[in-house]
Amino acid sequence: MQLPPRRPLRPLEGFQGSLAQRVYASLREAILSMSFRPGDILRKPEICEQLGVSRSPVSEAVARLAVEHLVRIVPQAGTYVARFSMEEIREGAFLREALELAAVEKVAQGVTEDQLVQLRRNLRLQRALIEDMDFAGFYQTDAAMHELILSFTGFRRVAALADTSWVHVNRARQLILPAPGRVEDTLTEHLAILAAIEARDPQAAREATRLHLGKLIGFLEPLALSRPDLFEPD
């Protein structure tokens, strides 16, 4: 297993909201993309220097990340990027699957031509990113496809609920997408979901989505054994 490459924090100009919200978004992105690795020490002076901010918005952002269990604050010891927890990953995968299976079933029943155009365009981009070996871009486009399906339900809170439940799974996914053949298999699974939606077959869409989402835990459980440095003990 090869970890994704480290990248510097994205400048705050790329985010919206208050200063603390933008610092939070930049740090969260770095953690979810594995630019900041599980167990890394978060040094606030270095973060302040990189982002060009004072200590206060960084402290506020770190406290918010701690609530999400993405950061661990250990008194008298330091602040660390949280290691993966298979318990949280399994729970998140369970919740996300329940939401997404219901969503794709509803979407397959009433999908519009415009919505199909958006899904097809997304999958063409996924294929191009695989050809370019741009795994980070593929990861983002993959997430965007799932967000499209959730948004097509017409329910405003579904995407936010799915994102909250999926946050730890999302981070862990970074460990398997660079694996040989995994991105190609992921695209094949996505194409099967699209084909079922195009056929307006709710049951087929549900089964294709279940198959796709169910693959993840099977890949991650062996990693928890082979890379205990990245995972909390069960």
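The values are calculated or read from the model by the stated rules, or taken from the named source; none is laboratory data. Because the structure is a prediction, the values reported are computed rather than measured. Backbone-built Cβ (ideal geometry, glycine too); neighbour counts: all protein chains shown.
For the condition at pLDDT below 95, under 20 Å from Phe219 (Cα atoms) and of a type outside the set (Lys, Arg), Ala136 qualifies.
Being closer than 16 Å to Gly214 by Cα, exposed (fewer than 15 other Cβ atoms within 10 Å of the Cβ), in the same structural domain as Thr186 (by TED's automatic domain parsing) and free of Cβ contacts under 8 Å to residues at least 24 places away in the same chain is the requirement here; does Ala128 meet it? Against the criterion (closer than 16 Å to Gly214 by Cα, exposed (fewer than 15 other Cβ atoms within 10 Å of the Cβ), in the same structural domain as Thr186 (by TED's automatic domain parsing) and free of Cβ contacts under 8 Å to residues at least 24 places away in the same chain), Ala128 does not qualify.
The single condition among (1) closer than 29 Å to Ser85 by Cβ; (2) among the hydrophobic types (A, V, I, L, M, F, W, C); (3) in contact (Cβ under 8 Å) with a residue 12 or more places away in the chain; (4) part of a helix (DSSP H, G or I) that Ile197 does not satisfy is (1). Here the condition is being outside the structural domain of Pro222 (by TED's automatic domain parsing) and either under 18 Å from the mean Cα position of the chain (by Cα) or touching a residue at least 24 places away in the same chain (Cβ under 8 Å) (or both); of Leu119, Leu51, Leu101, it holds for Leu51 alone. Just one of the numbered conditions (1) in the same structural domain as Ser165 (by TED's automatic domain parsing); (2) of a type in the set (A, V, I, L, M); (3) surrounded by fewer than 17 Cβ atoms within 10 Å (Cβ to Cβ); (4) modelled with pLDDT under 95 is not true of Ala93: (3).
Scanning the stretch 7-37 for residues that are under 14 Å from the mean Cα position of the chain (by Cα), surrounded by fewer than 20 Cβ atoms within 10 Å (Cβ to Cβ) and not hydroxyl-bearing (Ser, Thr, Tyr) yields Ala25, Glu29, Leu32. Counting only residues that are in contact with a Leu (Cβ under 9 Å, 6 or more places away or on another chain), in a helix (DSSP H, G or I) and surrounded by fewer than 19 Cβ atoms within 10 Å (Cβ to Cβ), the stretch 38-51 holds 1 of them.
Being in contact with a His (Cβ under 9 Å, 6 or more places away or on another chain), of a type in the set (Ser, Thr, Tyr) and closer than 30 Å to Ala224 by Cα is a property that Ser85 has.
In the stretch 208-230, the residues that are under 14 Å from Ile176 (Cβ atoms) reach residues that are of a type in the set (Ser, Thr, Tyr) with C-beta atoms within less than 8 angstrom, at least six apart or across chains, in these pairs: His212/Thr186.
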